[in-house]
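Trainee: I have a structure here, written as structure tokens, and I will follow up with some questions on it.
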Amino acid sequence: MNDQRSSTTHLIHHPYQPPEGFAAPQVGVFKASTVYFPSVAAMRQREWKDKSAYTYGLHGTPTTYTLEERLCALEGGQQCVLVPSGLAALATVALALLQTGDEVLIPDNAYGPNKALAEGELRHFGITHQFYDPLDPDDLSARMNERTRLVWIEAPGSVSMEFPDLPELVRRCKARGVMCALDNTWGAGLAFAPFDLLRDGTLGVDISAHALTKYPSGGGDVLMGSIITRDAALHLKIKLCHMRLGLGVGANDAEAVLRALPSMALRYAAHDRSARTLAAWWQAQPQCAQVLHPAFESSPGHAHWQQLCGDHSDLAAGLFSVMVDARYSQAQVDAFCDGLRLFKIGYSWGGPVSLVVPYDLATMRKRPTHHLSKGTLVRFSVGLESVQDLQADLQHSMDLHLPLV
């Protein structure tokens, strides 16, 4: 019969199978929408929810299963789902856990799109929200009520870098029986252990959401997120929502993150060292009103960073912000950013190229920011360039656009 088949059919149904036992440093890249079953009985018996088998490409392949397991090892979780971006991770958690009549509490300094999600889609679904002061656990407690189903925490806060008392915020959630989800993109599973905050097994978040776009990818060329849990029932609720939303990630993107993971700790530490050097340089400049970096005493919540990270990993990522003194106009600060050559103007962070973005903080906060000095905020993401070259770039543009007056 084989001899009667056309060459086209023979090409598609070629019987060759490569030998098993191939081992190499990198995981194989498995791409599939359709997954074959040896029989109808096998098709009906296979289960994808526990990763014991494969049913459809959207539900997992050897490549994505491997990445999920390695991310669990990184953050100390038990189960993981992958989504197309960090924001997709935040949105999936909300959609899995909240319904009409529920309320979510979000720190006022949270990642902006998470706040926008609450103000947009969640509000349209009849889900209310409040923004709480992340530096005041009592404010969180006061805002929790019988409708509160989810509390987001973020350490440090987006752009202004306040570091909350993370263990105390988690305790307040546990005491009220409210689900606690952490945006762990900054910590990345390296600065602190989200599921073991006190390092004695007694306290941890319920959910860790992570923008793998940043440090795990490391190249500035992948969009991906993860949702990690330790509770099987909670994970299943998230995974079923994930399935119903039709979320998936590309095999080549999963491969890129898998390839980058072994070097992440080295890169994270390098970003950290350079960021501290440049933050210290900024602190000595008269144009600077305040340095916002969790490892610096001038930064709000520094004591909380010291307790959680300084006495453990002593890591603080590669981000910091500067309040440029109020005597300089927004136009001057913008010109300073435009004048930089090594620091590129762009969002995100965690890649090899240093980035800079000026922000209008007044448009981003609902609550007073008395803990911040007056001025214009500029956020820096420090890449992997020579720190001496980066400092020279800052100095050159400062001399031109932020002269001493």
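The values are calculated or read from the model by the stated rules, or taken from the named source; none is laboratory data. Here the structure is a predicted model, which is why all the values come from computation and not from measurement. Please note: Cβ atoms are built from the backbone with ideal geometry, for glycine as well, and neighbour counts cover all protein chains shown.
Trainee: Working only within segment 205-236, note down all residues that are under 17 Å from Ala188 (Cβ atoms), among the hydrophobic types (A, V, I, L, M, F, W, C) and either free of Cβ contacts under 8 Å to residues at least 40 places away in the same chain or in a strand (DSSP E or B) (or both).
Mentor: Those that are under 17 Å from Ala188 (Cβ atoms), among the hydrophobic types (A, V, I, L, M, F, W, C) and either free of Cβ contacts under 8 Å to residues at least 40 places away in the same chain or in a strand (DSSP E or B) (or both): Ile207, Ala209, Ala211, Val222, Ile227, Ile228.
Trainee: Ok, one more. Answer with yes or no whether Val357 is surrounded by 14 or more Cβ atoms within 10 Å (Cβ to Cβ), touching a strand residue (DSSP E or B) at 6+ places or on another chain (Cβ under 8 Å) and either β-branched (Val, Ile, Thr) or not assigned by TED's automatic domain parsing to the domain that holds Leu140 (or both).
Mentor: So Val357 passes the test.
Trainee: Filter segment 119-138 down to the residues that are outside any helix (DSSP H, G or I) and of a type in the set (A, V, I, L, M, F, W, C) and list them by number.
Mentor: Filtering segment 119-138 down to residues outside any helix (DSSP H, G or I) leaves 125-136.
Within segment 119-138, Phe125, Ile127, Phe131, Leu135 qualify.
Trainee: Shifting gears a bit: Just give me the residues in segment 166-189 being assigned to a loop (DSSP other than H, G, I, E, B) and surrounded by fewer than 21 Cβ atoms within 10 Å (Cβ to Cβ), in sequence order.
Mentor: Step one: filter segment 166-189 for residues assigned to a loop (DSSP other than H, G, I, E, B), giving 177-178, 184-189.
Scanning segment 166-189 gives Gly177, Val178.
Trainee: Mind telling me which of the residues Ala73, Ala116, Ala89, Ala110 ends up being crowded, with 19+ Cβ neighbours inside 10 Å and in a helix (DSSP H, G or I)?
Mentor: On the way: Ala73 fails: crowded, with 19+ Cβ neighbours inside 10 Å; Ala116 fails: crowded, with 19+ Cβ neighbours inside 10 Å; Ala110 fails: in a helix (DSSP H, G or I).
That would be Ala89, the only listed residue that is crowded, with 19+ Cβ neighbours inside 10 Å and in a helix (DSSP H, G or I).
Trainee: Shifting gears a bit: Among the residues of segment 281-303, how many are under 18 Å from Leu135 (Cβ atoms), of a type outside the set (A, V, I, L, M, F, W, C), out of contact with any Leu (no Cβ under 7 Å at 6 or more places or on another chain) and in contact (Cβ under 8 Å) with a residue 40 or more places away in the chain?
Mentor: Number of matching residues: 3.
Trainee: Only one of Val333, Val324, Val291 is closer than 29 Å to Leu404 by Cα, hydrophobic (A, V, I, L, M, F, W, C), over 23 Å from the mean Cα position of the chain (by Cα) and buried (at least 23 other Cβ atoms within 10 Å of the Cβ). Can you tell me which?
Mentor: Of the residues listed, the single one that is closer than 29 Å to Leu404 by Cα, hydrophobic (A, V, I, L, M, F, W, C), over 23 Å from the mean Cα position of the chain (by Cα) and buried (at least 23 other Cβ atoms within 10 Å of the Cβ) is Val324.
Trainee: When you go through Tyr328, Tyr359, Tyr347 one by one, which is the residue that is without any contact (Cβ under 8 Å) to a residue 24 or more places away in the chain and either among the aromatic types (Phe, Trp, Tyr) or under 23 Å from Phe296 (Cα atoms) (or both)?
Mentor: Residue meeting the stated conditions: Tyr347.
Trainee: Considering only residues that are in contact (Cβ under 8 Å) with a residue 24 or more places away in the chain and among the acidic types (Asp, Glu), look in segment 362-405 and name the one that is surrounded by the most Cβ atoms within 10 Å (Cβ to Cβ).
Mentor: Residues of segment 362-405 in contact (Cβ under 8 Å) with a residue 24 or more places away in the chain: 364-367, 369, 371-385, 387, 389-391, 393-394, 396-398, 400-402, 404-405.
From what's left, among the acidic types (Asp, Glu): 385, 389, 393.
Details: Glu385: 15, Asp389: 12, Asp393: 19.
Taking the candidates together, the pick is Asp393.
Trainee: So Lys239 ticks every box in (1) among the basic types (Lys, Arg); (2) part of a helix (DSSP H, G or I); (3) more than 30 Å from Gly177 (Cβ to Cβ); (4) not assigned by TED's automatic domain parsing to the domain that holds Gly351 but one. Which box is left unticked?
Mentor: The one condition Lys239 does not meet is (3).
Trainee: Could you identify the single residue in Thr369, Thr376 that is of a type in the set (Val, Ile, Thr) and at pLDDT below 95?
Mentor: Every option except Thr369 fails the conditions.
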